[in-house]
Amino acid sequence: MNNDQSLNLLYIVRRYGPVGGMERYVWELTREIADMGHRVLVLCESIHADAPPAGVVCIELGEVRKKPRWLAHLRFSHRVSRWLSAHPDAAHIIHSHERTAVHHVTTFHGPPFASVRDKPLWKRCSPRIYANLWLEHREVCAKQVQVVIPNSPMIGTALKHYYPCIGSRLSRAVAPGVGNIPIRPARPLPEQGGIIGFIGKEWQRKGLERAAAIVKAVRKVRPDVEFIVAGPDTPTIEHLFADWHGGYRLLGETDSTPLYAGFDLLLHPARQEPYGMVIAEARAAGVPVLVSDNCGIADELDEASVLPLSAEDDVWVSACLNLLGNNRKPEIRSWHTVAEEQVYIYRQIKPEALPPQA
């Protein structure tokens, strides 16, 4: 494929719009790809925006029942396959972000479901488990798949472990970009204070309970430190603060973009975090971060910003006190950079290698 030629790209995602981590990835990527002059078509269940970005054609295939989840994946996959059979275009490079059967490129946004194989046999003997394993195997190992893209090195390592058959199909990671985030102004830290932030709706996996215990211990040294939590529904986490006497704010589900500039530290001791967009956004705002080594983005951070999840709380407390209020230069990865990296991958695909879309 000549570098001067525009590409003919078809993207697959169930919800098309800036409404979640994976969905925003596809939304921002397709916007940038279209701005670069390539042809962009999106197949989705429904669009979650007033209109698609300029230059993007969006085809809505209709909502499918969301549960059971594996069946929703299969139903959507069937709709995609039927549409492509009715509208064949051999020039399309198909990039899926779902469990489909027709794509040439797939991006993995989370840990492989195949990790269930590590559990005892009695925990993985169910039709749901078998169906999800089959869908995932088809996504990465089917004959027409040419490239599997992880969105972090951690996910790439896991994919290579569970699916050694993908071999040279596995590309280097293409991490998400970050939009416009207000920058944290350089400011002196109050002698006994500061603001520590936590952001994440899936608060159990992202380590809120641990974070609350760490901040509570930090407040014994700096009693005016405030803990701001955004994302989780407030009633579900109030019990974590039953013995606190002030010093915290629970904001519930809210736009986190304007919050970063007010933080003096982002704390994210996640048990499992395939990448960590809130960490990338905090860095883009110039906010110091302290995260667990179970975050996919950890490879991009300096040593002082990452701790083993197994480290004792007093180690986390000490690290918080050292990082709190450090003025950091914003580190921004643009969505245009993401698009350039994706285009480079697309250009490695030979047109004659694309299978017919029947």
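What residue, of ALA358, ALA319, is more than 25 Å from ASP35 (Cα to Cα), out of contact with any Cys (no Cβ under 7 Å at 6 or more places or on another chain) and either assigned by TED's automatic domain parsing to the domain that holds ARG222 or at pLDDT 95 or above (or both)?
ALA319
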How about segment 49-77: which of its residues are of a type in the set (Phe, Trp, Tyr) and over 28 Å from ILE33 (Cα atoms)?
TRP70
Please pick out the residue among GLY200, GLY207 that is buried (at least 18 other Cβ atoms within 10 Å of the Cβ), modelled with pLDDT under 95 and closer than 20 Å to ASN294 by Cα.
GLY200
If you go through segment 103-114 one residue at a time, do you hit one that is at negative phi, among the hydroxyl-bearing types (Ser, Thr, Tyr) and more than 23 Å from the chain's Cα centre (by Cα)?
no
From the list VAL225, VAL229, VAL178, pick out the single residue that is under 19 Å from the mean Cα position of the chain (by Cα) and β-branched (Val, Ile, Thr).
VAL178
Considering SER152, SER126, which residue is among the polar types (S, T, N, Q) and over 20 Å from GLY296 (Cβ atoms)?
SER126
Helices (runs of 4 or more DSSP H) lying entirely in segment 175-238 (those with 2 or more residues that are closer than 30 Å to GLN342 by Cβ and not hydroxyl-bearing (Ser, Thr, Tyr)):
203-206
Does VAL102 satisfy being in a loop (DSSP other than H, G, I, E, B), aliphatic (A, V, I, L, M), in contact with a strand residue (DSSP E or B) (Cβ under 8 Å, 6 or more places away or on another chain) and under 23 Å from GLN146 (Cβ atoms)?
yes
Can you confirm whether segment 42-51 contains a residue that is within 20 Å of ILE349 (Cβ to Cβ) and either modelled with pLDDT of 95 or more or in a helix (DSSP H, G or I) (or both)?
yes
Against the definition (in the same structural domain as ILE149 (by TED's automatic domain parsing), over 17 Å from THR106 (Cβ atoms) and not in a loop (DSSP other than H, G, I, E, B)), how does ALA91 come out, yes or no?
no
Let me spell it out: the conditions are (1) in contact (Cβ under 8 Å) with a residue 60 or more places away in the chain; (2) over 18 Å from VAL287 (Cβ atoms), and VAL178 meets all of them except one. Which number is the exception?
(2)
For segment 7-41 the number of residues that are small (Gly, Ala, Ser), touching a strand residue (DSSP E or B) at 6+ places or on another chain (Cβ under 9 Å) and in a loop (DSSP other than H, G, I, E, B) is 1
Extreme residue, surrounded by the most Cβ atoms within 10 Å (Cβ to Cβ), among residues of segment 239-270 that are touching a helix residue (DSSP H, G or I) at 6+ places or on another chain (Cβ under 9 Å) and assigned to a helix (DSSP H, G or I)
TYR260
Might you check whether a residue that is under 19 Å from PRO288 (Cα atoms), at pLDDT 95 or above and not β-branched (Val, Ile, Thr) occurs anywhere in segment 232-255?
no
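The values are calculated or read from the model by the stated rules, or taken from the named source; none is laboratory data. These figures come from a predicted structure and were not determined experimentally. Note that we place each Cβ from the backbone using ideal geometry, even for glycine, and neighbour counts take in every protein chain shown.
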